[in-house]
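Chemist: Got a structure for you, questions after.
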Amino acid sequence: MQTHKAKRVEIIIERVMERRLTEAMTRADVTGWSVLPMLGGSGRSGEWSREGQISRGTGLVQVVCIIRPEKLDPLLDQVFSVVERQIGVVSVCDCEILRAERF
Amino acid sequence: MLDLAADNLLSPIVLSFVLGLFAALARSDLSVPEAVAKGISLYLLFAIGFKGGAGVAAHGLDPRLAATILAGLVLSFALPFAAFGLLRVLSGMSRIDAAAVAGHYGSISIVTFVAATTLLANAGLTAEGYMVAVAAAMEAPAILSALWLLSRGDGNTKMDSDLWREILLNGSIVLLLGAFVIGMATGQDGLDSIAAFIVSPFQGVLCIFLLDMGLIAGRGLRSAGVLDRGAVAFGLVMPLVGALAGLGAGMLLGLSTGGVMLMMTLSASASYIAVPAAMRVAVPEANPSIYLTLSLAVTFPFNLTLGLPLYLAVARIMTGG
């Protein structure tokens, strides 16, 4: 089956920043993404768990999008403006998609 | 005073909190599902807002309403400065962390407020219904004070209109004030029609919520190593400073015994919902472990167990109630 090259961008960010991030993605002309809840983990600030997170200011989400390769740089510029000072991880990897016209 | 403290410590709501605290410290797998805790907090906010509004409807609009809200705003603006000064004296905390913590102590804990109203009800006392509106008014001004403290230290803060909208229209404030308005509009008849839902089960539901708060505070205590002794001392002394300021305001306004006690409680409590969210956006460099642990694991348990009966006893002595 014919597949097409694309980029998969995964951004782990504090829940309180989610809307600011998705708005920045829209500014980069990326209109499709998924948001996944994070259950817990460990990082530079130590271990954390979603359990018992009473404040909206704590906890993380993962925002995932798959885009055409030429959209990557504008997207990363916008994403960086949001995550620069925040806790977060941005990763990019190559992937293949079936229906290129959807991206 | 000692009897009141003992009664409070042995009340179902405080014992539920203690159960949660010990379960978390003992690393039990006991937990309240996130959706249940969220649902219960919606219930409590609706119930307390509605009852406050119905109380105002029953007694008519009090001319002191506006003055009391204004006093709440002033306290919320001013208390972070006292907190910041105290922190700088007691603790070796950085200026950024101290300012972020200070912002939490000018804002309020609505759960502490709910527990205080329950203590008042159990003591056969009532308070001015509009204290609910005062609670809502005191949520946000402290954030401005904290940001001002940060800006004086060349702190790089980032506040935008979106953040202000999120703070002022956060779900808790909208529900609390919305229920208050519904209670005021429908009055005693409205309250009677839903009393079976928002009055009778209230204390039982509050027990489950405080069980969850105990679990959260216990998990916070496990990470209390981020706090130095001075910071822990601050978490215990600052509520008393705030309560004293609230007492002065309540007495000047001529509030009832219950009203003075609630004013003391609001001034003594520290935020762990609205302010942490604002600080994460505006001052991400501040360490959330410090302000959340202080607010949730030190000040909240202190207020719930010892602070509330103390504030009630002092309010009774000062007002002769």
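Chemist: Among (1) modelled with pLDDT under 85; (2) closer than 29 Å to B:L147 by Cβ; (3) in contact with a helix residue (DSSP H, G or I) (Cβ under 8 Å, 6 or more places away or on another chain); (4) more than 9 Å from chain A (Cβ to nearest Cβ), where does B:G225 come up short?
Modeler: In the conditions (1) modelled with pLDDT under 85; (2) closer than 29 Å to B:L147 by Cβ; (3) in contact with a helix residue (DSSP H, G or I) (Cβ under 8 Å, 6 or more places away or on another chain); (4) more than 9 Å from chain A (Cβ to nearest Cβ), B:G225 misses (3) alone.
Chemist: Then there is this: Among what's in the stretch B:228-272 and is in a loop (DSSP other than H, G, I, E, B) and crowded, with 22+ Cβ neighbours inside 10 Å, pick the residue that is farthest from the other protein chains (Cβ to nearest Cβ). Steps first, answer last, please.
Modeler: To start, the set of residues in the stretch B:228-272 that are in a loop (DSSP other than H, G, I, E, B) comprises B:228, B:254-256, B:269-272.
Subset that is crowded, with 22+ Cβ neighbours inside 10 Å: B:255, B:269-272.
Working: B:L255: 30, B:S269: 14, B:A270: 12, B:S271: 9, B:Y272: 6 Å.
Among those that are in a loop (DSSP other than H, G, I, E, B) and crowded, with 22+ Cβ neighbours inside 10 Å, it is B:L255.
Chemist: Based on what the data block shows, is A:V82 in contact with a helix residue (DSSP H, G or I) (Cβ under 8 Å, 6 or more places away or on another chain), within 14 Å of chain B (Cβ to nearest Cβ) and crowded, with 18+ Cβ neighbours inside 10 Å?
Modeler: Working: in contact with a helix residue (DSSP H, G or I) (Cβ under 8 Å, 6 or more places away or on another chain): yes; within 14 Å of chain B (Cβ to nearest Cβ): yes; crowded, with 18+ Cβ neighbours inside 10 Å: yes.
Here the answer is yes, as A:V82 does meet what is asked.
Chemist: Keeping to the stretch B:274-284, report how many residues are over 20 Å from the mean Cα position of the chain (by Cα) and at the interface with chain A (Cβ under 7 Å from one of its Cβ atoms). It would help to see each step written out before you state the result.
Modeler: So in the stretch B:274-284, the residues over 20 Å from the mean Cα position of the chain (by Cα) come out as B:281-284.
Next, only the ones that are at the interface with chain A (Cβ under 7 Å from one of its Cβ atoms) stay: B:281, B:284.
Number satisfying all stated conditions: 2.
Chemist: How many residues are surrounded by fewer than 16 Cβ atoms within 10 Å (Cβ to Cβ) and touching a Lys or Arg at 6+ places or on another chain (Cβ under 8 Å) when one looks only at the stretch A:65-79?
Modeler: Count: 2.
Chemist: Also, quick follow-up: Identify all residues within the stretch A:11-45 that are over 23 Å from B:V283 (Cα atoms), part of a strand (DSSP E or B) and within 12 Å of chain B (Cβ to nearest Cβ); write none if there are none. Steps first, please.
Modeler: Here is the first cut: in the stretch A:11-45, the residues over 23 Å from B:V283 (Cα atoms) are A:26-37, A:39.
Among the residues that remain, those that are also part of a strand (DSSP E or B) are: A:34-37.
A:P37 - this is the single residue of the stretch A:11-45 that is over 23 Å from B:V283 (Cα atoms), part of a strand (DSSP E or B) and within 12 Å of chain B (Cβ to nearest Cβ).
Chemist: Just to confirm my filter: which helices (runs of 4 or more DSSP H) fall fully inside the stretch B:149-225 and include at least 3 residues that are without any contact (Cβ under 8 Å) to a residue 40 or more places away in the chain? Walk me through how you get there before you give the answer.
Modeler: On the way: elements: B:161-168, B:171-198, B:202-222.
Hits in the stretch B:149-225: B:161-168, B:171-198.
Chemist: Another question, then. Do the conditions hold for B:L310, that is, is it in contact (Cβ under 8 Å) with a residue 60 or more places away in the chain, more than 14 Å from chain A (Cβ to nearest Cβ) and over 18 Å from the mean Cα position of the chain (by Cα)?
Modeler: Working: in contact (Cβ under 8 Å) with a residue 60 or more places away in the chain: yes; more than 14 Å from chain A (Cβ to nearest Cβ): yes; over 18 Å from the mean Cα position of the chain (by Cα): no.
Against the criterion (in contact (Cβ under 8 Å) with a residue 60 or more places away in the chain, more than 14 Å from chain A (Cβ to nearest Cβ) and over 18 Å from the mean Cα position of the chain (by Cα)), B:L310 does not qualify.
Chemist: Report the residue count in the stretch B:122-134 for those that are outside any loop (DSSP other than H, G, I, E, B), out of contact with any Gly (no Cβ under 8 Å at 6 or more places or on another chain) and of a type in the set (A, V, I, L, M, F, W, C). Steps first, answer last, please.
Modeler: Looking only at the stretch B:122-134, we keep the residues that are outside any loop (DSSP other than H, G, I, E, B), and these are B:122, B:131-134.
From what is left, the residues that are out of contact with any Gly (no Cβ under 8 Å at 6 or more places or on another chain) are B:122.
With the extra rule that they be of a type in the set (A, V, I, L, M, F, W, C), the set shrinks to none.
The total comes to 0.
The values are calculated or read from the model by the stated rules, or taken from the named source; none is laboratory data. Predicted, not measured: the structure shown is a model, and the values here were computed from it. All Cβ positions, even for glycine, are placed from backbone atoms using ideal geometry, and neighbour counts span all protein chains on display.
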